Amino acid sequence: MTTETITAAASGSWTLGDLAVDRIGFGAMRLTQNGEAFAADATPKQLRGQAEENLRQLGRDHLDVVNLRIVGTDSIAERFGALAELREAGLIRHLGLSNIRPHHLAEAQAIAPVVCVQNMYGIGASPEQEEFLRTCGEQGVAFVPFYSIAGTGREAGATTDDNSRVHAFARAHGVSAAQIRLAWTLRRGPHVLAIPGTGNPDHLTQNVAAGALRLSEDELTVLGSLHHETV
């Protein structure tokens, strides 16, 4: 497939709260190790300070979407409540959650609307991960997978021991294994938004092109059956 004229729009779109977004975006974590982010274990007071600092750095009067990243299984009510107060004050437009368990979503939604969930997901996902993805879709919550390309490689990037069937489909389509992984992930539901990260312009072009890659139903079924294999 050619990539010269393919844009992110080829992946389709989703309405995130009241924001229209392409279903494939750009994960910027690899661009710099000095970026400022909301700490996962911050206190409510610290979260407010971080939001204000982010606004100052970006020169904005509000943040479009803020995700509270969770570590562990404890209650998030106090921290999410602090962000909900900033939303009520107009400093944050929409709220999301990251690295959560299903009960966190229910807890947060009792406080304020949740527009997106960012969780680890990709080929080889567990039945529990699949069920949570479906739950988000049923509730109109965008599901934003991380490590959908890297898999078990996580921050180190994709491993070299990719599943043989992933490689076979990649050869058949004339694309990379990473593109097959992204294309499969996007087909998991219209609410799935992919944000693959890279610092390589060529890989960025390939990631965007994956939004236009159409896998057959048989290919989707085979890739979806790899739950308990090394992928």
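Taken together, the values in this text are just the output of simple stated rules run on the coordinates, not laboratory data. All values derive from a computational prediction rather than experimental measurement. Here Cβ is always computed from backbone atoms with ideal geometry, including for glycine, and neighbour counts include all displayed protein chains.
Determine the shape class of the stretch 159-219: with a ≥ b ≥ c the square roots of the Cα gyration tensor eigenvalues, call it rounded for a/c under 1.5, and otherwise prolate if a/b is greater than b/c, oblate otherwise.
Here the stretch 159-219 falls in the oblate category.
Around Arg134, what is the net charge, scoring Lys/Arg as +1 and Asp/Glu as -1 over all other residues with Cβ under 13 Å from its Cβ?
Within the 13 Å Cβ shell, the charges total -3.
Would you please give the residues with an amide H less than 5 Å from that of Gly12, counting only those at least 5 places away or on a separate chain, with H modeled from the backbone geometry?
Close amide H contacts, sequence-distant or interchain: Arg23.
Tell me the Kirkwood hydrodynamic radius of the chain in angstroms, computed as one over the mean inverse distance between distinct C-alpha pairs. Intermediate values should be presented prior to the final figure.
On the way: mean 1/r = 0.0540 Å⁻¹.
Over the chain, the inverse of the mean reciprocal pair distance is 18.5 Å.
Using the Cα centre of the stretch 8-224 as origin and beta-carbon charges of +1 (Lys, Arg) and -1 (Asp, Glu), tell me which of Ala40, Val208, Val21 is placed farthest towards the positive end of the dipole.
Most positive-ward Cα: Val208.
Remind me, relative contact order of the chain in percent, using alpha carbon pairs under 8 angstrom and six or more residues apart?
Computed value for the chain: 24 percent relative contact order.
Which FRET efficiency, nearest 0.05, do Asp61 and Asn200 yield, Cβ-Cβ r, R0 41 Å?
The formula returns an efficiency of 0.75 here.
Order of 135-148, 174-187 by packing, highest average Cβ count within 10 Å first?
For the peptides 135-148, 174-187, the packing ranking is 174-187, 135-148.
With all distinct Cα pairs included, what does the Kirkwood hydrodynamic radius of the stretch 40-79 come out to in Å, to one decimal, could you say?
11.2 Å
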